[in-house]
Amino acid sequence: MFHQYPITECFFCGKPALGKQNGKIVEKINAKTSTIITAALCISCSHRDELKFTMADLSEISKVPLEKLKNYACIANPLRAFPENIPDSKIKEIVIGISDRYQCQVCWEFIELSKRVEDHNTERRHPLEIPIFWCNSGCGLSYRISSRESHKAECGILCPVKYCKKKFAVDTGHFVHVHPCVTCPINGCATAFQNKRNELGEAESGINELLMHIMTTHVWEIKKFAETG
């Protein structure tokens, strides 16, 4: 099932993005529904360095050292294999896709994936002009104070363990002491993945799933040129 944004304009800049010479199709997965989302990307935005999501970005966000990324199946499989004979210094420059954005819950502006909510709030002077509260139950975003109770009632990180399936805040210790999990570090995302141990006793499976989650739900993959126009 697909959810499609209008491909008449670029999802990132709003400029026309039609035709094989003017636009491309990008896709990602909706984390809540597991459905594919499509959008358009104009040629200009496809060349913007600040929108490119690289192996170095993945390493920084996931906290997995760059040299260890290739040890995980989602990176080493044929679709995302490291090019042969590429020096380590070049691995960090490999482009995975186009970086997504997340939406400020106070002013509804879109914020760059790597930008901190605190920095955005400071720039927009939200704490001074609009009463806000910070969510520490899972999503890590700030909200207008008027929505505090309704948000707290629904937010939290869903434990992925089959017989648990309850929501917990990060600071409860549940994901460390009860059901060891890794949680998505992306602002606004409250997804967790269970850590399973390999033969060396190292947490492995959860990290692999986290990496795949970041690459497919928070990064747009360029699929093809737009066919319209």
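The values are calculated or read from the model by the stated rules, or taken from the named source; none is laboratory data. As the structure is a computational prediction, the values presented were derived from the model and not from experiment. Positions of Cβ are generated from backbone atoms using ideal geometry, with glycine treated the same way; all protein chains shown enter the neighbour counts. Accessible surface areas use protein heavy atoms only, side chains included; no ligands, DNA or RNA. Shrake-Rupley method; radii C 1.70, N 1.55, O 1.52, S 1.80 Å.
See the values below:
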| item | result |
| --- | --- |
| Count - residues of segment 167-179 that are assigned to a loop (DSSP other than H, G, I, E, B) and at pLDDT 90 or above | 1 |
| Scope segment 209-225; condition at pLDDT 90 or above and either assigned to a helix (DSSP H, G or I) or open to solvent by 30 Å² or more (accessible area, probe 1.4 Å) (or both); matching residues | 209, 210, 211, 212, 213, 214, 215, 216, 217, 221 |
| Leading residue by the ranking (farthest from residue 187 (Cα to Cα)) among those in segment 90-108 that are open to solvent by 40 Å² or more (accessible area, probe 1.4 Å) and under 17 Å from the mean Cα position of the chain (by Cα) | 95 |
| Residue match in segment 28-35 (condition: closer than 21 Å to residue 109 by Cβ, assigned to a strand (DSSP E or B), among the hydrophobic types (A, V, I, L, M, F, W, C) and at pLDDT 90 or above) | no |
| Enumeration of residues in segment 8-22 that are more than 16 Å from residue 37 (Cβ to Cβ) and modelled with pLDDT of 65 or more | 8, 13, 14, 15, 16, 22 |
| Segment 38-62: number of residues that are part of a loop (DSSP other than H, G, I, E, B) and modelled with pLDDT of 90 or more | 0 |
| Residue count, segment 51-67 (criterion: of a type outside the set (A, V, I, L, M, F, W, C) and surrounded by 20 or more Cβ atoms within 10 Å (Cβ to Cβ)) | 1 |
| Answer residue from segment 122-161, given it is touching a residue at least 24 places away in the same chain (Cβ under 8 Å), over 29 Å from residue 179 (Cα atoms) and touching a Lys or Arg at 6+ places or on another chain (Cβ under 8 Å) and is surrounded by the most Cβ atoms within 10 Å (Cβ to Cβ) among those | 132 |
